[in-house]
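Here's the structure, in structure tokens; my notes come after.
The values are calculated or read from the model by the stated rules, or taken from the named source; none is laboratory data. This one's a predicted model, so the numbers in the text were calculated from it and none came from an experiment. Positions of Cβ are backbone-derived with ideal geometry, glycine not excepted, and every protein chain shown enters the neighbour counts.
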């Protein structure tokens, strides 16, 4: 605990490492969790598929649950 699944447009290996490191450090600092207790997965979604596979089924029906509101719409 905790486990994060990040959905993103395709990332370079450098970006994957940077975001994984940043998320892990943020959880360690804000939740007081050890690095060993954190797992992170990155699911890459193409820009062309974002609306159909992420925005419509996951974001739009859960707008009230978002703790960080988005600044875009389709």
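Screening segment 1-30 for residues that are in contact with a helix residue (DSSP H, G or I) (Cβ under 9 Å, 6 or more places away or on another chain) and assigned to a helix (DSSP H, G or I) and picking the one that is surrounded by the fewest Cβ atoms within 10 Å (Cβ to Cβ) gives 25. Scanning segment 24-31 turns up no residue that is touching a residue at least 24 places away in the same chain (Cβ under 8 Å) and touching a strand residue (DSSP E or B) at 6+ places or on another chain (Cβ under 7 Å). Residue 58 meets each of the listed conditions (1) surrounded by 12 or more Cβ atoms within 10 Å (Cβ to Cβ); (2) in contact (Cβ under 8 Å) with a residue 40 or more places away in the chain apart from (1). Evaluating residue 70 against the criteria (1) surrounded by fewer than 12 Cβ atoms within 10 Å (Cβ to Cβ); (2) in contact (Cβ under 8 Å) with a residue 40 or more places away in the chain; (3) touching a helix residue (DSSP H, G or I) at 6+ places or on another chain (Cβ under 8 Å) leaves one unmet condition, (2). Hey, any hits in segment 23-30 for a residue that's over 15 Å from the mean Cα position of the chain (by Cα) and at pLDDT below 95? No, that holds for no residue. Annotation note: Cβ proximity below 7 Å between a residue of segment 2-13 that is within 24 Å of residue 34 (Cα to Cα) and a residue that is in a loop (DSSP other than H, G, I, E, B) (sequence gap 6+ or interchain) occurs for 2/33; 2/38; 7/45.
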